[in-house]
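Here the structure comes first, spelled out in structure tokens, and everything after it is commentary.
The values are calculated or read from the model by the stated rules, or taken from the named source; none is laboratory data. Here the structure is a predicted model, which is why all the values come from computation and not from measurement. Cβ placement follows ideal geometry from the backbone for every residue including glycine, while neighbour counts extend to all protein chains displayed.
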Amino acid sequence: MHERFPPHRMDNLAAIIAACRRLGWPEPRLRWQGGNVAGWEITVPGRDIPIVVSSPGGICHNAPDAESLHTFQQADVVEFTRHCVLNRGGTCTEEVLPDGTISLTITIPCTADASQESITPPS
């Protein structure tokens, strides 16, 4: 039996693939429904049920268990953050903490027009 989880956006395919590689898991497979791409299936080694991420929207519909989903979500967030920081010319270093969480240290160079830049928090 698998568990259903509240929505979590995972809509950056590069980050999803990098998360799978980070964890040593197989790369995601396309999930088809009615002849259209419906999302991605992420095989969790040792589990019968994959993590299913819909497309568009990146909502996780199910996973074999909470621990597998949490592990994947953490890897996805780290890889997405690294991708964004590196694309802006910054650096990102990470440290795995004793409890298994990952601490990121991010440095992004300041540009002359940085005062014109605005960041909108997610709603």
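I'm trying to understand the selection: among the residues of region 1-25, which are charged (D, E, K, R) and either at pLDDT 75 or above or within 9 Å of the chain's Cα centre (by Cα) (or both)?
Result: Arg9, Asp11, Arg21, Arg22.
Looking only at region 26-40, which residues are surrounded by fewer than 17 Cβ atoms within 10 Å (Cβ to Cβ) and either β-branched (Val, Ile, Thr) or modelled with pLDDT of 90 or more (or both)?
Across region 26-40, the qualifying residues are Pro26, Glu27, Arg29, Val37.
Looking at Thr91, is it over 14 Å from Trp25 (Cβ atoms) and within 16 Å of the chain's Cα centre (by Cα)?
The answer is no for Thr91.
Please list, ordered by first then second residue, the pairs with beta carbon atoms under 6 Å, 6 or more apart or interchain, first in region 70-82 and among the charged types (D, E, K, R), second in a helix (DSSP H, G or I).
Taking only residues 6 or more apart or on different chains, the pairs are Asp76/Ala15; Asp76/Ala19; Glu79/Ala15; Glu79/Ala18; Glu79/Ala19.
Given (1) at pLDDT 85 or above; (2) within 17 Å of the chain's Cα centre (by Cα), where does Ile106 come up short, assuming only one miss?
Every condition holds for Ile106 apart from (2).
Does at least one position in region 52-72 carry a residue that is touching a Phe, Trp or Tyr at 6+ places or on another chain (Cβ under 7 Å), surrounded by 19 or more Cβ atoms within 10 Å (Cβ to Cβ) and modelled with pLDDT under 80?
Within region 52-72, one or more residues are touching a Phe, Trp or Tyr at 6+ places or on another chain (Cβ under 7 Å), surrounded by 19 or more Cβ atoms within 10 Å (Cβ to Cβ) and modelled with pLDDT under 80.
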